1. What accessible surface, in Å², does a 1.4 Å probe find on LYS48, ignoring ligands, DNA and RNA and rounding to the nearest 10?
2. From the phi angles alone, apply the Karplus equation (6.51, -1.76, 1.60; θ = phi - 60°) to region 7-19 and give each ³J(HN,Hα) in whole Hz, x where the residue is Gly or Pro.
3. For Cα pairs less than 8 Å apart in space and 6+ apart in sequence, what is the mean separation divided by the residue count of the chain, i.e. the relative contact order in percent?
4. On average, how much accessible surface per residue is there in the chain, in Å², for a 1.4 Å probe, leaving out ligands, DNA and RNA?
5. Identify the GluC sites (Glu not before Pro) of region 8-68 meeting these criteria: DSSP loop state and at most 13 other C-beta atoms within 10 Å of the C-beta.
6. Quote the accessible area belonging to LEU49 in square angstrom, nearest 10, computed with a 1.4 Å probe and with ligands, DNA and RNA left uncounted.
7. Express the carbon and sulfur contribution to the solvent-accessible surface of region 1-62 as a percent, rounded to the nearest whole number, probe 1.4 angstrom.
8. Placing one identical point scatterer on every Cα of the chain and ignoring solvent, what is log10 I(q)/I(0) from the Debye formula at q = 0.24 Å⁻¹?
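The values are calculated or read from the model by the stated rules, or taken from the named source; none is laboratory data. The structure presented is a predicted model; accordingly, all values stated were derived computationally and were not measured. Using ideal geometry, Cβ is built from the backbone for each residue, glycine included, and neighbour counts are taken over all protein chains shown. Side chains are part of the model used for accessible areas, which takes the heavy atoms of the whole protein and leaves out ligands, DNA and RNA. Shrake-Rupley method; radii C 1.70, N 1.55, O 1.52, S 1.80 Å.
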Amino acid sequence: MVDRCVCFNRLFSEMQQIMVHKRLNTFEELKRYITFGENCKLCEPYVKLMISTGRTEFEPIEISGEKK
Ligand code: FES
């Protein structure tokens, strides 16, 4: 399961809590608040999914036929 930004070791559940406590609503607001997703950026689609669905764990999204 994918549950964090691996590069910055930030759990999606931790990001979600920060969003609730700081009343952040968007990916951009979260990005301004904490550092994540600045390296490989593979976590970006998952963070956006977290924001839109409220989930914090995901099956790997297939990228060009390969599981990442
Ligand atoms: S996993 Fe988030 S930048 Fe690499």
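1. Using a 1.4 Å probe on the heavy atoms, I get roughly 100 Å².
2. Each residue of region 7-19 in turn: 4, 10, 6, 10, 5, 4, 5, 5, 4, 5, 4, 4, 4 Hz.
3. The normalised contact order for the chain reaches 40 percent.
4. Working: 4690 Å² over 68 residues.
For the chain, the solvent-accessible area averages 69 Å² per residue.
5. Sparse-neighbourhood loop GluC sites (Glu not before Pro): GLU38, GLU57.
6. 60 Å²
7. Working: 1950 of 4060 Å².
Carbon-and-sulfur percentage of accessible area, whole number: 48.
8. -1.07
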